[in-house]
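S.K.: Structure in structure tokens, see below.
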Amino acid sequence: MLKVGLTGGIGAGKSEVSRFLVEHGAVLIDADRIAREVVAPGTPGLAAVVAAFGEDVLTEDGTLDRPKLGSIVFADPDRLAVLNDIVHPLVGERSRALEEAAAEDAVVVHDVPLLTENGLAPLYDLVVVVDADPATQLDRLVRLRGMTEQDARARMAAQATREQRREIADVVVDNDVPLDELRRRVKEVWDELVRRARTE
């Protein structure tokens, strides 16, 4: 099994890269998706978040109001740390269970947005960083995700710098390119991952 850490700044295009890797046969463990699952209604995770942040972070139907919570934590590093202390251990536990269920010869890709920030690179055999110019990231967040420029800049500022991510990268996928070119680049990365998986 080859354990790959996949990361990139918000708006860099990591989701597209992970989607292409899955098309080639990767087993994807998506930390963001798991992070949503561990704070679903009725979970201990959601109860802990409400205990820390109050009932105001719930919608009328009892689900987590992610935009509201995001506006609180991304403006305050201490509050973000509180949220991370609740969610990260739960995500780690679920991720390990999914990895253990994968085939012995699998290429397991852990999609981890905060891999750099949390010093997680040593957990993986290889780290792939999806990289894009900050201006490209900002444009995508505003144009495609409907964020205000202020919110987008705050999210970007709360993450590691481009340089910090590149420092931990074994492979960098440049995503200031059209989708067809990105697809071609990801195929090259996949071929390299398969080659390494066979020699592990």
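The values are calculated or read from the model by the stated rules, or taken from the named source; none is laboratory data. Please read all numbers here as calculations on a predicted model, not as lab measurements. As a convention, Cβ positions derive from the backbone with ideal geometry for all residues, glycine included, and neighbour counts pool all protein chains shown. Side chains included, ligands, DNA and RNA excluded: accessible areas come from the protein's heavy atoms. Shrake-Rupley method; radii C 1.70, N 1.55, O 1.52, S 1.80 Å.
S.K.: Applying the Karplus parametrisation 6.51 cos²θ - 1.76 cosθ + 1.60 with θ = phi - 60° to the phi angles of segment 16-32, what ³J(HN,Hα) value in whole Hz is obtained for each residue in order, glycine and proline being reported as x?
M.R.: 5, 5, 5, 5, 5, 4, 5, 4, 7, x, 5, 8, 9, 10, 9, 4, 5
S.K.: Let me ask something else. Explain nothing, just compute: Karplus ³J(HN,Hα) = 6.51 cos²θ - 1.76 cosθ + 1.60, θ = phi - 60°, for every residue of segment 163-172 in order, whole Hz, x for Gly and Pro.
M.R.: 5, 4, 5, 5, 4, 9, 7, 8, 9, 10
S.K.: A further question on this structure: How far is it, in nm, from the label point at ASP191 to the one at ARG145 when both lie 7 Å from their Cα along the line to the Cβ?
M.R.: In this crude spin-label approximation the distance works out to 3.2 nm.
S.K.: Still on this structure, I have one more. For the chain, what is the calculated [θ] at 222 nm in deg cm²/dmol (nearest 500), taking -39500 (n - 2.57) for each run of four or more DSSP H residues and dividing by its residue count?
M.R.: Calculated from helices alone, the mean residue ellipticity at 222 nm is -17000 deg cm²/dmol.
S.K.: Along the Cα→Cβ direction, 7 angstrom out, place labels at GLU181 and LEU123. What is the inter-label distance in nm?
M.R.: 3.3
S.K.: Rolling a 1.4 angstrom probe over the protein heavy atoms, how many square angstrom per residue are accessible across segment 115-178?
M.R.: 55
S.K.: Another question, then. Just the number, please: carbon plus sulfur as a percent of the accessible area of the chain, 1.4 Å probe, no ligands or DNA/RNA counted.
M.R.: Carbon and sulfur together cover 50 percent of it.
S.K.: I need the shape label for the chain. Rule: rounded when a/c is under 1.5, else prolate if a/b > b/c, else oblate, with a, b, c from the alpha carbon gyration tensor.
M.R.: oblate
S.K.: Could you give the distance between the Cα centres of segment 106-181 and segment 1-63, to the whole Å?
M.R.: 15
S.K.: Report the full-extension gain for the segment ASP76 to THR43: residue separation times 0.36 nm, less the Cα-Cα distance, to one decimal in nm.
M.R.: Computed gain between ASP76 and THR43 is 9.4 nm.
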